[in-house]
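Report on one structure; see the data block that follows.
The values are calculated or read from the model by the stated rules, or taken from the named source; none is laboratory data. Here the structure is a predicted model, which means the values were calculated and not measured. Positions of Cβ are backbone-derived with ideal geometry, glycine not excepted, and every protein chain shown enters the neighbour counts.
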Amino acid sequence: MSEPPAPRPRNVPVERLIERTIFASRWLLAPFYLGLLLGLAALLVKFVQRTATLLAGVLTISGNDVIVATLSLIDLSLMANLLLIVVFAGYESFVSRMDLEGHAVRLDWMGQIGFGDLKLRLMASIVAISAIHVLEEFMNVGHVSDRDLGWVVGIQLVFVVSGVLLAFMDRLMERGH
């Protein structure tokens with residue numbers, strides 16, 4: 001019987017430096033999350049602008065136009081929620097835990113959304129946002145060509161099928177573990 005090969009000697013100081021550098025590189029993600037917060041501020045500006053436009057014309061526009069404008073506000077709200085979920089979950093998953101001891105409120109889901117959950121929430125939000133866009137198109141069906149309406153519905157179906165497949169694959173991955 002032969003003896004197993006002896007472990008290779010490791011260049012420990014160089015290896016530690018590489019590992020620490022790789023681990024510290026997670027902070028390169030922080031500017032991405034700050035940029036997403038700027039996107040959130042831009043969404044707020046658009047939300048306020050659309051709300052002001054809706055309120056200024058509420059007495060002169062049709063009921064369908066009020067519904068479409070309100071759907072647009074819901075769309076912006078869903079997108080803002082999605083941005084916050086990505087920022088919170090991404091930062092806590094990939095950069096650092098948030099130290100919120102001095103704050104009275106900690107959201108229940110913070111620190112509990114993993115990468116798989118984040119993907120599913122992202123896809124669910126995309127499907128909801130897309131569904132609102134489809135509904136807006138149906139509310140303006142007189143001004144939309146059949147071809148454009150077909151594309152909108154087709155894209156919505158692709159998002160729905162993709163979401164279902166993503167959830168199914170995630171479920172299969174959980175069973176495998």
Would you mind finding the one in Gly116, Gly176, Gly163 that is modelled with pLDDT of 80 or more and of a type in the set (Gly, Ala, Ser)? Gly163
Take Leu55 and decide whether it is at pLDDT 90 or above, in a helix (DSSP H, G or I) and touching a helix residue (DSSP H, G or I) at 6+ places or on another chain (Cβ under 9 Å). no
Got at least one residue in segment 158-175 being more than 27 Å from Tyr91 (Cα to Cα) and either touching a helix residue (DSSP H, G or I) at 6+ places or on another chain (Cβ under 8 Å) or buried (at least 16 other Cβ atoms within 10 Å of the Cβ) (or both)? yes
Would you please name the residue that is modelled with the lowest pLDDT, looking only at residues in segment 75-106 that are touching a helix residue (DSSP H, G or I) at 6+ places or on another chain (Cβ under 7 Å) and of a type in the set (Phe, Trp, Tyr)? Phe94
Matching residues, segment 111-143, being buried (at least 16 other Cβ atoms within 10 Å of the Cβ) and without any contact (Cβ under 8 Å) to a residue 24 or more places away in the chain: Val134, Glu137
Just to verify a result, which residue in segment 40-76, among those that are surrounded by 13 or more Cβ atoms within 10 Å (Cβ to Cβ) and among the small types (Gly, Ala, Ser), is farthest from Ser25 (Cα to Cα)? Ala69
Based on what the data block shows, is Gly150 at positive phi and either modelled with pLDDT of 85 or more or surrounded by fewer than 16 Cβ atoms within 10 Å (Cβ to Cβ) (or both)? no
Which of the residues that make up segment 58-78 are assigned to a loop (DSSP other than H, G, I, E, B) and either over 18 Å from Gly142 (Cβ atoms) or in contact (Cβ under 8 Å) with a residue 40 or more places away in the chain (or both)? Val58, Leu59, Thr60
